[in-house]
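Q: Structure in structure tokens, see below.
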Amino acid sequence: MAAGVETTTMGLDHRKLGMWTFLGSEFLFFGAFVSAYLLYLDTTAGGPGVEIFDIPFTSISSFVLLMSSLTMVLAHHAHAQGDLRRMRLWILATAGQGAVFLGGQVFEFNVFVREGLTISESPFASSFYVLTGFHGMHVFVGILLLMSVYVLSLIGKIKPTQHVKTEMIGLYWHFVDIVWVVIFTVVYLIPEIAVLE
Amino acid sequence: MSSTDAPEQASSTDEHDDHHPTPRQYVNIAVVLAVLTALEVSTYFLDFGVIAIPLLVILMVVKFLYVAGWFMHLKFDSRVFGRMMYTGLFLALGLYALAIIVILFDSATIA
Amino acid sequence: MSSSTVEKSGFSGRPKGESGIGAWLTTTDHKKIGIMYFFTVLVFFALGGAESGLIRAQLAQAEQNLLTEEIYNQVFTMHGITMVFLVVMPLSAAFFNYLIPLMIGARDVAFPRLNAFSYWVYLFGGIFLYSSFLLGGAPNGSWVGYAPLSTDAVSNMAFYAAGLNIVGVSSLAAAINFIVTILNMRAPGMTFMRMPVFIWMSLVTNFLLLFALPIIAVALFMLNADAVFGAQFFEPGTGGDPVLYQHLFWLFGHPEVYIMILPAMGIVSEILPVGARKPLFGYAAVVFAGAAIGFIGFGVWAHHMFTSAIGPVARSAFALSTMFIAVPTGIKIFNWVFTMWGGKLRFTTPMLFSIGFISMFTIGGLSGVTHAIVPHNAQQHDTYYVVAHFHYVLFGGALFGLIGGVYYWFPKVTGKLMSEKLGKVHFWTWLLGFNLTFGPMHMSGLLGQPRRTAVLPGELGGTVEIYNLLSSLGVVVLTVSALVFLFNLIASIKGGVPSGNDPWDARTLEWLTPSPTPYENFPIIPTVTHRDEFWHRKYAEDDAGKAIPVPAGAAEDHDADAEPEHIHMPDPSYWPLVQTLGFFPFGYGLVYGNFWLIGIGLAWLVIGLYGWIIEPLAEGDDDDPVDEPARPGARAGAH
Ligand code: HEM
Ligand SMILES: [Cu+2]
């Protein structure tokens, strides 16, 4: 409904409250996949295990995704100032970095499969692919959302005053980034180091 | 969650007018995040011994808090938003930790 | 009403009709959506009921073969899925939809189109699940879908995994919608502790949905991946752990039982004070008990796994936490009883169903406590004793409460009364049929009758056979009773006695507006100063604390010459309906492992989303409202 923020009970924007509510529930979604992955770390059925990870490569794509949060927040900042041109620029940069990350993931999956880690190889493989795959899906959805903000602002459907729209996409994007912060440490780094020792 | 009446009624309507960070601050945060990430990755190349894993966990939490606090504006926005998120986060942590404990430590003994 | 002011911009206009079938298909009105939920539930209840009839026909005598074992398994599985996910949960959603905005003094939910989306996803998810009967057989691995049986193609459980995930999307979207609505759209002065108990229970239920649904989504995705895409999550052959599935399922499953019961508890907490002409006894206790149940409800899941692979420490811990959760439940029962105590009881049909709820639910709760005793549990597990227990809480509990709610709010929705005479016939036959069907199952279960078994073994002996015959006779009574209800419903819709605006002398805001509810709910948004606001507008208390009517008090906000507000209502939209059709290709793709179909489904959903975003908004945008004066006094008077 068209209730402006001032007229809501808690003085909060419906959409932002809704987005945060949704993000709260997403922790239970990713948490379950991460738990399964941790349980299955050693359950490799004789196939490849965590030693297959290419930490330098993943570090770079993680870094790219992390920095996309910066461009995202700058896009929102520009929009809050009413500067749609600059907002679009940062949006493109964000989506571009997201695409680089996704490309990295596709490449990584291809390498792993060639090295014998298919989804049917072991519970370890299944939980790795499904967890990181779902994260990749989230990134993909994020890119779609970013592109729609881009296009809609071009054709005048998103106005300079409507920065909450960019902020919402931003919340989602940062959340996806946060999840990757956790995945990078818990799924890649820690198991890898534990194996090295 | 929300069980009190206290924060009702527009305590934080003016989300956008007050102390929003400047682009400069955002960049600073990003630099900090980059440095922390570099530190994380270095645990792979250098031998940190027993502190490696605790260190990684701490770094992860710090990065998490920076992104949530600054980029997602939790520091500046209504506390209700943070509560929504942390309810989910801590519920997930608690439940899954408990489930993992039950699975790992008790599965062998079917009385 | 603003729907006529839509500017025709872009390629898509918005639908306009307010009547006719088109109006229903494109509606974003929470009242219409609630009504659609209700009638859809009736259809699925008939299907689920027919399935239970087949089960009971098969088990009426020992060693019968009316159904093949294959069919029997499909039938009891679909019965369980239907009743849980397509009847009780959406029936609660029907009440959420219709009542939440009315009870908090709002004109709609926070996201009206998302609300329509939820309904269509539910409907299509149900159709999707039932289409399995025509596509090689329905799921037959029971409503819990334990791996590794469920990952085997023979169990058809891919339909279960994909179908429940679709239905889950509906509930998740609805949960977010209702949480935001309740937190953020209350009328001025409606503080948390002035909210009706039904609103409180709705809030808790929707938080449970919010946090429990992602867990089962994960379990189902894993199941789907195992069954269709060759993943190994639960395959013992490569080291997968089927017990992980059980944990994930019940991490969701136990909150789920509270998701089913809390709305009914909320409804009963509204009906009892009205029927007893007294305020609810211990409002705060009922509210906090409800919240406590919601919270503790996450910490008891492994009591469903006492006979599975969890160790002795876990067994003891979960036995304790389970007994602990009986405490808040007990608190509620006491509060209901004390609400009635000393009241001027009127035994109307809604009141009878509420009392039926309390008694039947208490029986189910007591047998539930016996499950918490671990050695006892080992004896009962997977026997008909368990079937008796959960029907006492789900049917005797949730469904009795919900049906009571139907009788109670029918006048609100239609402006007519349901026949009290038929209502009482319905209640007494329902109570009798219910106890006849499920009472004997306690006994046959303790005598060893196994659950989920296609043929009643003759070796169990004549006593068990008599109990089973009684159970099956009970279904006949229930069927007759259900037909009475259906007749009453239809006859009252067509020719019920006009009810007036306030037939029960009620207490809460929804009765402040005329019945049937006008399109905009409240001509003027009321300002709330009391719990039981409507009651306080009608009655004052004399020195002895007795209620005395205030002449014309209720009319306060309905001044004929009050300045009319500029009211914006959400416009109808095609997109929720169009978009959700994409779940069909998506779902079948997941079942058949066909990436083309999945891709088409996803593309469809995305395109639908764009249509949704681009369609013109008559009511303006949240950041860019069409010029409108703010709701008068929206922020005033709350403190
Ligand atoms: C119309 C009256 C009903 C009858 C006669 C009936 C009968 C039955 C019977 C005989 C079973 C046992 C199947 C077996 O374990 O072999 C069963 C299972 C079940 N029923 Fe009902 N039921 C009725 C209504 C309901 C309602 C209202 C609900 C709940 C909301 C419900 C939920 C379930 C569930 C969850 C199962 C377990 C299915 C499974 O084991 O997978 N039933 N029902
Ligand atoms: Cu339980």
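The values are calculated or read from the model by the stated rules, or taken from the named source; none is laboratory data. The model shown is predicted, which means the values in this text are computed figures rather than measured ones. No Cβ is skipped: glycine too gets one built from the backbone with ideal geometry, and neighbour counts run over all protein chains shown.
Q: Right, C:Ser316: within 16 Å of ligand 1 (Cβ to nearest atom), over 21 Å from the mean Cα position of the chain (by Cα) and among the small types (Gly, Ala, Ser) or not?
A: No: the conditions fail for C:Ser316.
Yes/no per residue for (1) within 16 Å of ligand 2 (Cβ to nearest atom); (2) within 22 Å of the chain's Cα centre (by Cα):
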| position | (1), (2) |
| --- | --- |
| C:Tyr385 | yes, no |
| C:Phe390 | yes, yes |
| C:Leu394 | yes, yes |
| C:Gly405 | no, yes |
| C:Leu417 | no, no |
| C:Lys421 | no, no |
| C:Thr429 | no, no |
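Q: Given the criteria under 30 Å from C:Gly230 (Cβ atoms), of a type in the set (Phe, Trp, Tyr) and more than 10 Å from chain C (Cβ to nearest Cβ), does A:Tyr188 qualify?
A: Taking the combined requirement at face value, the residue satisfies it.
Q: Moving on to the next point. Would you mind telling me which numbered condition in (1) in contact with a Ser or Thr (Cβ under 6 Å, 6 or more places away or on another chain); (2) assigned to a helix (DSSP H, G or I) C:Leu486 fails?
A: Only one criterion in (1) in contact with a Ser or Thr (Cβ under 6 Å, 6 or more places away or on another chain); (2) assigned to a helix (DSSP H, G or I) is unmet by C:Leu486, namely (1).
Q: Could you run through region C:568-599 and say how many residues are within 30 Å of C:Phe522 (Cα to Cα) and not in a helix (DSSP H, G or I)?
A: Residues in region C:568-599 being within 30 Å of C:Phe522 (Cα to Cα) and not in a helix (DSSP H, G or I): 7 in total.
Q: Looking at region A:150-185, which of its residues are of a type in the set (Phe, Trp, Tyr) and either more than 17 Å from A:His138 (Cα to Cα) or within 7 Å of another protein chain (Cβ to nearest Cβ) (or both)?
A: Hit for region A:150-185 is A:Tyr150, nothing else.
Q: From the list C:Phe229, C:Phe207, which residue is over 22 Å from the mean Cα position of the chain (by Cα), in contact (Cβ under 8 Å) with a residue 60 or more places away in the chain and either farther than 30 Å from A:Thr118 by Cα or within 10 Å of chain A (Cβ to nearest Cβ) (or both)?
A: So the residue among C:Phe229, C:Phe207 that is over 22 Å from the mean Cα position of the chain (by Cα), in contact (Cβ under 8 Å) with a residue 60 or more places away in the chain and either farther than 30 Å from A:Thr118 by Cα or within 10 Å of chain A (Cβ to nearest Cβ) (or both) is C:Phe229.
Q: Same structure again: Answer yes or no: is there a residue in region B:17-30 that is aliphatic (A, V, I, L, M), exposed (fewer than 15 other Cβ atoms within 10 Å of the Cβ), within 20 Å of A:Ile178 (Cα to Cα) and out of contact with any Asp or Glu (no Cβ under 8 Å at 6 or more places or on another chain). Talk me through it step by step, then tell me what you get.
A: First pass over region B:17-30, keeping only residues aliphatic (A, V, I, L, M): B:27, B:29-30.
Okay, now just the ones that are also exposed (fewer than 15 other Cβ atoms within 10 Å of the Cβ), so B:27.
Of the ones still in play, those that are also within 20 Å of A:Ile178 (Cα to Cα) are B:27.
Imposing the further condition that a residue be out of contact with any Asp or Glu (no Cβ under 8 Å at 6 or more places or on another chain) reduces the set to B:27.
Within region B:17-30, one or more residues are aliphatic (A, V, I, L, M), exposed (fewer than 15 other Cβ atoms within 10 Å of the Cβ), within 20 Å of A:Ile178 (Cα to Cα) and out of contact with any Asp or Glu (no Cβ under 8 Å at 6 or more places or on another chain).
So that you can scan it fast, the table gives a plain yes or no per residue for (1) over 30 Å from A:Leu196 (Cβ atoms); (2) modelled with pLDDT of 95 or more; (3) outside any helix (DSSP H, G or I):
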{"position": "B:Thr43", "(1), (2), (3)": "no, no, no"}
{"position": "B:Ile58", "(1), (2), (3)": "no, yes, no"}
{"position": "B:Lys75", "(1), (2), (3)": "yes, no, yes"}
{"position": "B:Leu91", "(1), (2), (3)": "yes, yes, no"}
{"position": "B:Ile103", "(1), (2), (3)": "no, no, no"}
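Q: Further, regarding this structure: If a residue has to be in a loop (DSSP other than H, G, I, E, B) and either within 16 Å of ligand 2 (Cβ to nearest atom) or over 22 Å from C:Pro90 (Cα atoms) (or both) to count, how many in region C:16-63 make the cut?
A: Step one: filter region C:16-63 for residues in a loop (DSSP other than H, G, I, E, B), giving C:16-19, C:26-29, C:60-63.
Add one more test, that the residue is either within 16 Å of ligand 2 (Cβ to nearest atom) or over 22 Å from C:Pro90 (Cα atoms) (or both), and what stays is C:16-19, C:60-63.
Counting residues in region C:16-63 that are in a loop (DSSP other than H, G, I, E, B) and either within 16 Å of ligand 2 (Cβ to nearest atom) or over 22 Å from C:Pro90 (Cα atoms) (or both) gives 8.
Q: Look through region C:456-483, keep the residues that are within 14 Å of ligand 1 (Cβ to nearest atom) and in a loop (DSSP other than H, G, I, E, B), and return whichever of them is surrounded by the most Cβ atoms within 10 Å (Cβ to Cβ).
A: C:Leu456
Q: If you don't mind, another one. For a quick check of your reading of the model, give me the residue pairs whose first member lies in region C:250-267 and is more than 14 Å from chain B (Cβ to nearest Cβ) and aromatic (Phe, Trp, Tyr), whose second is in a helix (DSSP H, G or I) and near ligand 2 (Cβ under 9 Å from one of its atoms), with beta-carbon atoms closer than 8 Å and at least 6 apart or on different chains.
A: C:Tyr258/C:Gly297
Q: Residues in region C:212-266 that are within 16 Å of ligand 2 (Cβ to nearest atom) and acidic (Asp, Glu): how many?
A: 1
Q: Still on this structure: Which one of the conditions (1) within 11 Å of ligand 1 (Cβ to nearest atom); (2) in contact (Cβ under 8 Å) with a residue 40 or more places away in the chain does C:Gly48 fail to meet, given that it meets all the rest?
A: C:Gly48 satisfies every listed condition except (2).
Q: How many of the residues in region A:77-107 are in contact with a Pro (Cβ under 7 Å, 6 or more places away or on another chain), in contact (Cβ under 8 Å) with a residue 40 or more places away in the chain and within 14 Å of chain B (Cβ to nearest Cβ)?
A: Of the residues in that region, 1 qualify.
Q: Please work out which one of (1) touching a helix residue (DSSP H, G or I) at 6+ places or on another chain (Cβ under 6 Å); (2) more than 10 Å from ligand 1 (Cβ to nearest atom); (3) closer than 27 Å to C:Ile259 by Cβ is the condition C:Ser419 fails and give its number.
A: For C:Ser419, the failing item is (3).
Q: Report whether or not C:Ile310 is within 13 Å of ligand 2 (Cβ to nearest atom), touching a Ser or Thr at 6+ places or on another chain (Cβ under 8 Å) and within 27 Å of C:Ala372 (Cβ to Cβ).
A: When the stated conditions are applied, C:Ile310 does not pass them.
Q: Do the conditions hold for C:Ile271, that is, is it buried (at least 24 other Cβ atoms within 10 Å of the Cβ), at pLDDT 95 or above, within 24 Å of the chain's Cα centre (by Cα) and within 16 Å of ligand 1 (Cβ to nearest atom)?
A: no
Q: Also, I was wondering about something else. Return the residue satisfying two criteria in turn: it lies in region C:183-204 and is in a helix (DSSP H, G or I) and at the interface with chain A (Cβ under 9 Å from one of its Cβ atoms), and of such residues it is farthest from C:Trp301 (Cα to Cα).
A: Our first condition is that a residue be in a helix (DSSP H, G or I); within region C:183-204, this holds for C:183-184, C:192-194, C:197-204.
With the extra rule that they be at the interface with chain A (Cβ under 9 Å from one of its Cβ atoms), the set shrinks to C:183-184.
Values: C:Leu183: 28, C:Asn184: 32 Å.
Going through the qualifying residues, I end up with C:Asn184.
Q: Are there any pairs with C-beta distances below 7 angstrom linking a residue in region C:392-404 that is away from chain B (no Cβ under 14 Å) to a residue that is of a type in the set (Ser, Thr, Tyr) and within 14 Å of ligand 2 (Cβ to nearest atom), with the two at least 6 apart or on different chains, and if so which?
A: That search, which allows pairs on different chains as well, returns C:Tyr392/C:Ser367.
Q: Looking at (1) farther than 30 Å from A:Glu121 by Cα; (2) in a helix (DSSP H, G or I); (3) more than 7 Å from every other protein chain (Cβ to nearest Cβ), which one does A:Leu74 not meet, given that it meets all the others?
A: So the condition that A:Leu74 fails would be (3).
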